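Data first, discussion second: the structure below is written as structure tokens.
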2 protein chains.
Amino acid sequence: MKSRTTCCRNLERWLTPETFRALGEPSRAALLMLLAGTPGARTVGELAMELPIDLSVVSRHLKVLKEVGVVTAERRGKEVRYQLACGDLVHMLRNLADALESCCPTTTKQLEAGR
Amino acid sequence: MKSRTTCCRNLERWLTPETFRALGEPSRAALLMLLAGTPGARTVGELAMELPIDLSVVSRHLKVLKEVGVVTAERRGKEVRYQLACGDLVHMLRNLADALESCCPTTTKQLEAGR
DNA sequence: GTTATATTTGCATTATGGTGCAATCATGCA
DNA sequence: TGCATGATTGCACCATAATGCAAATATAAC
């Protein structure tokens, strides 16, 4: 039998509150939807036009999303184009799912027996 | 070529801000770690003993986690035993990963070409 | 250089929600 | 019934962060 701490070593690696907090804000989730819905990168102004919030707020939200690695930013002249870091996000989600699955008993019977 | 709204129909189904907000709070993430680290269900008091926050706060956090479906609660006499809804959570994460992947072009070349 | 456009940042305000304590509710037991 | 234990809820307080506006910064064009 493994101890609690060793069992879920990978879990704390992927269950990062900062990332989920970033995804948990409605305006930021809407931004991610916009970024996922169109290929390529979009400017702050383009994104702000599609949301009922100020452009400066959009800029700040994108900064938060960039800090946790779910979007990337690239300056092109006067504008900054933001893009969904789709691969990274997908990997993170799958890794977390795997970590959870490895921690939890797969059968419900085993869960009941544990008590 | 599909339009933006049709392309990501599944995404808005799985990218639910409430769920991610629930996972994004450090105390709640710690609770999930505790629940994932031990098999079976645990009482509010047990969980509260392992965290530096009041039992009433733990109870509230568990309520939030239950509302978004990442834990289940079952009353057994005087105590209420909370359990990680591991399967549901894993499914949710995988579905979101799939939805994202289907929205985003897989190759970086294609992303660049989109601009 | 100046001007125009795109974005970021400083600041003040406001909204949200995390926290602890005390009171209440729920259940089991004598 | 009354009492004990475990959990939830009401309330007040406080911390964090979302928001808009205005000012500052960055870059391109002139």
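The values are calculated or read from the model by the stated rules, or taken from the named source; none is laboratory data. The structure displayed is predicted, hence computed values, not measured ones. Note that we place each Cβ from the backbone using ideal geometry, even for glycine, and neighbour counts take in every protein chain shown.
Data for the structure
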read-out: Evaluation of B:VAL64 against (1) closer than 18 Å to A:CYS103 by Cβ; (2) more than 8 Å from DNA strand D (Cβ to nearest atom); (3) in a helix (DSSP H, G or I) (one fails), failing number; value: (1)
read-out: Test: residue in region B:50-59 that is over 20 Å from A:SER102 (Cα atoms), away from DNA strand C (no atom under 12 Å from the Cβ) and at pLDDT 95 or above; value: yes
read-out: Selected residue (only one of A:GLU74, A:GLU25, A:GLU18 is modelled with pLDDT of 95 or more and in contact with a Pro (Cβ under 7 Å, 6 or more places away or on another chain)); value: A:GLU25
read-out: Candidate set from region A:67-79 (those that are surrounded by fewer than 14 Cβ atoms within 10 Å (Cβ to Cβ) and more than 9 Å from DNA strand D (Cβ to nearest atom)); member that is farthest from A:MET92 (Cα to Cα); value: A:GLU74
read-out: Residue that is nearest to DNA strand C (Cβ to nearest atom), among those in region B:39-48 that are buried (at least 18 other Cβ atoms within 10 Å of the Cβ) and facing chain A (nearest Cβ under 7 Å); value: B:ALA41
read-out: Meets criteria (more than 10 Å from chain A (Cβ to nearest Cβ), closer than 30 Å to A:MET33 by Cα and either of a type in the set (D, E, K, R) or without any contact (Cβ under 8 Å) to a residue 60 or more places away in the chain (or both)) for B:GLY24; value: no
